[in-house]
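Colleague: Okay, handing you the structure first.
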Amino acid sequence: MTGEAQAFWDGVYRRRDRPRHGEPHPYLRQVLSSVPPGHALELGCGDGTTAIWLAAHGWTVTAVDVSQVALDAATEHALSAGVASRITWQQADLRDWTTQESFDLVTAFFLHTPLEPDAPAVLARAAAAARNGGTLLTVGHHTLPPWAWDPDGTDGLLSASELVTALGVREPDWQTVLATELPRTVTGRDGHASTVLDAVLHAVRAS
């Protein structure tokens, strides 16, 4: 399955006109306004927008993705941004990925795929990598824009409360800061805008 997943996502990134290097999810910036930089883990890093932003703001980042095409683009952009030394890129199928490290921040944004997804299990392993006092922030699609591969599909699109259950984020081990659906405006390649709902889970592991 690793080869199939890599081939699929390599194709996705090859078809893009250019890497999507912009600002990370707005709620990430809000969360980190009160969190000092440390060691961050990002799963499904794509072509590096979030990892590079984190590195530019003082974080040391481990960024993981199955697509080598995406990681090559991310590496090039990190070099041009002057933050390459702060990021370790790892090519791996997240369904098989594990780590023995612990992190001050664990993030995953829109970890969705049409290829037999197992996002809850992946995210649960990631959550376990947050050290005591560490921050977990995962954001997923709750609704999709019209140009998505299956705009009416809801399979695998968990609500925030379902994320809490699937990841085992519960007291006394975790404090849930936010678990809700937040609106966000996105723009397609044709310039048309659409409002979608993101399922946002923000939690802090007990110290």
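Colleague: Hey, could you grab the Kirkwood Rh for region 1-112? Inverse mean 1/r over distinct alpha carbon pairs, Å, one decimal. Let's see the in-between values first.
Modeller: Details: mean 1/r = 0.0706 Å⁻¹.
Hydrodynamic radius (Kirkwood, Cα only) of region 1-112 equals 14.2 Å.
Colleague: In addition: First select every other residue whose beta carbon is under 13 angstrom from the beta carbon of Ser161; then total the charges, Lys and Arg +1, Asp and Glu -1.
Modeller: Working: positive: Arg170; negative: Glu162, Glu181.
Once all neighbours under 13 Å are counted, the net charge is -1.
Colleague: Further question: Between Thr60 and Thr99, what is the label-to-label distance in nm when each label sits 7 Å out along the Cα-to-Cβ direction?
Modeller: 1.2
Colleague: Something else now. Give a residue-ordered list of calculated ³J(HN,Hα) values for region 39-56 (Karplus: 6.51 cos²θ - 1.76 cosθ + 1.60, θ = phi - 60°; whole Hz; x for Gly, Pro).
Modeller: Once θ is set to phi - 60°, the couplings for region 39-56 become 9, 10, 10, 10, 9, x, 6, x, 8, x, 3, 5, 4, 5, 4, 4, 4, 5 Hz.
Colleague: Of Thr98, Leu158, His57, which is farthest along the charge dipole of the chain in the positive direction, counting Lys and Arg as +1 and Asp and Glu as -1 at C-beta?
Modeller: Value: His57.
Colleague: Still on this structure, I have one more. Can you run phi through the Karplus equation (6.51, -1.76, 1.60; θ = phi - 60°) for region 103-110 and list ³J(HN,Hα) in whole Hz, with x for Gly and Pro?
Modeller: Values per residue, Gly and Pro as x: 9, 6, 9, 10, 10, 8, 10, 6 Hz.
Colleague: Report the charge-dipole magnitude of region 2-205 in Debye, nearest 20, computed about the Cα centre from +1 at each Lys and Arg Cβ and -1 at each Asp and Glu Cβ. Let's see the in-between values first.
Modeller: On the way: 14 positive and 24 negative charges, 117 e Å.
Roughly 560 debye, rounded to the nearest 20.
Colleague: Here is a further query. Report the residue, chosen from Ala92, Ala126, Ala148, that carries the largest GNM mean-square fluctuation when the chain is represented by alpha-carbon nodes joined by springs under 10 Å.
Modeller: Ala148
Colleague: Also, I was wondering about something else. Given just the C-alpha atoms of the chain, how large is their convex hull per residue in cubic angstrom?
Modeller: Details: hull volume 23.6 nm³, N = 207.
Dividing the Cα hull volume of the chain by its residues yields 114 Å³.
Colleague: Please list the non-local residues whose amide H lies under 5 Å from the amide H of Val169, H modeled 1.01 Å from N, same-chain partners needing a gap of 5 or more.
Modeller: none
Here, each number is a calculation from the coordinates, and none is a lab measurement. In this text, all values refer to a predicted model and were calculated from it rather than measured experimentally. We place every Cβ from the backbone using ideal geometry, glycine too, and count neighbours over all the protein chains shown.
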